[in-house]
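Student: Sharing a structure, written as structure tokens. Questions coming.
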Amino acid sequence: MRIFDLSQPVTDGGPNCPAHPPVQLARIADHPADGWRMELVHFASHTGTHLDAPLHKLADGVSIDAFPLEAFAGRALVAHFNGLEADHPIGPEDLAAKLPDQLAGGIVLLNTGWGARRARSEEWLHHSPFLSPAGAEWLVNRGVKGIGIDHYSIGGSRDPDNTRTHEIVLGAGVWVVEDLCFREGWREASEDAVFQALPLHMPGLSGTPCRAVFVRYP
């Protein structure tokens, strides 16, 4: 079995949604004084590579534990975009040019290239490419079960598009995985692989961090 990591690291003070609390990873016990090492972890549930459940944006939506674990694994279809400009809305024409006709039951991952630009910069925090509401409708209408992107927000950082994109996707019962990273070698790793992004076992939450991977079995 081979596993290829698509996750971003969570580091103290590292990049995250600017509307969320800053990431704090504090060491509260250490060797030799305490005889052990332990950290206190303080960050929002939608930090780093993470999953969105419908409850994240919809008051009557289900929490992340309402999905069976099997829902977060399956065939991945990567829409690889080369050189998308800042603030580019990914719409139906963009998607149709990069994806096969049959998407039902699949997991669509949007590789904008901006995962490699992840930083606490004005550009990355506020001007990423994003899935437009029209693009969201296009994917939902084709029966996908999950959608991912290599940025902290699938709908970008500004309303009304951000909220509307989330509402369309999550309102259809489609989960979202955000803040992916398509490192060198992802193409080869994706061949005949299963995508997995399992949530932490935290009942009632609107989302949790996850470890997103391609798994290839012998």
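Student: Answer yes if at least one residue in region 82-95 is surrounded by fewer than 15 Cβ atoms within 10 Å (Cβ to Cβ) and not in a loop (DSSP other than H, G, I, E, B), and no otherwise.
Tutor: Within region 82-95, one or more residues are surrounded by fewer than 15 Cβ atoms within 10 Å (Cβ to Cβ) and not in a loop (DSSP other than H, G, I, E, B).
Student: Let me ask another. Take the conditions of a type in the set (Gly, Ala, Ser) and surrounded by 22 or more Cβ atoms within 10 Å (Cβ to Cβ) and apply them to GLY171. Does it pass?
Tutor: Criteria not met by GLY171.
Student: Moving on to the next point. Do we have any residue at all in region 187-208 that's at pLDDT below 95 and hydroxyl-bearing (Ser, Thr, Tyr)?
Tutor: Scanning region 187-208 turns up no residue that is at pLDDT below 95 and hydroxyl-bearing (Ser, Thr, Tyr).
Student: Sticking with this structure for a sec: Considering only region 14-32, state which residues are exposed (fewer than 14 other Cβ atoms within 10 Å of the Cβ) and either assigned to a loop (DSSP other than H, G, I, E, B) or in contact with a Gly (Cβ under 6 Å, 6 or more places away or on another chain) (or both).
Tutor: Matches in region 14-32: PRO18, ALA19, HIS20, PRO21, ASP30, HIS31, PRO32.
Student: Okay, moving on. Can you name the residue in region 97-150 that is among the hydroxyl-bearing types (Ser, Thr, Tyr) and buried (at least 20 other Cβ atoms within 10 Å of the Cβ) and is also nearest to THR47 (Cα to Cα) among such residues?
Tutor: Among them, the one singled out is SER128.
Student: Got at least one residue in region 149-170 being touching a helix residue (DSSP H, G or I) at 6+ places or on another chain (Cβ under 7 Å) and in a strand (DSSP E or B)?
Tutor: Within region 149-170 (the criterion being touching a helix residue (DSSP H, G or I) at 6+ places or on another chain (Cβ under 7 Å) and in a strand (DSSP E or B)), the answer is no, since none of the residues qualifies.
Student: Follow-up. What are the pairs with Cβ atoms under 6 angstrom where one residue, in region 116-144, is free of Cβ contacts under 8 Å to residues at least 12 places away in the same chain and on the phi < 0 side of the Ramachandran plot and the other, located anywhere, is surrounded by 17 or more Cβ atoms within 10 Å (Cβ to Cβ) and not aliphatic (A, V, I, L, M)? Sequence gap at least six, or different chains.
Tutor: So the pair list comes out as ARG117/TRP124.
Student: Looking at region 175-182, is at least one residue touching a strand residue (DSSP E or B) at 6+ places or on another chain (Cβ under 8 Å), assigned to a loop (DSSP other than H, G, I, E, B) and at negative phi?
Tutor: Looking for residues that are touching a strand residue (DSSP E or B) at 6+ places or on another chain (Cβ under 8 Å), assigned to a loop (DSSP other than H, G, I, E, B) and at negative phi, one finds at least one in region 175-182, hence yes.
The values are calculated or read from the model by the stated rules, or taken from the named source; none is laboratory data. Please read these numbers as outputs of a predicted model, since none were measured by experiment. Because the Cβ atoms are built from the backbone with ideal geometry, glycine has one as well, and the counts that use them run over all protein chains shown.
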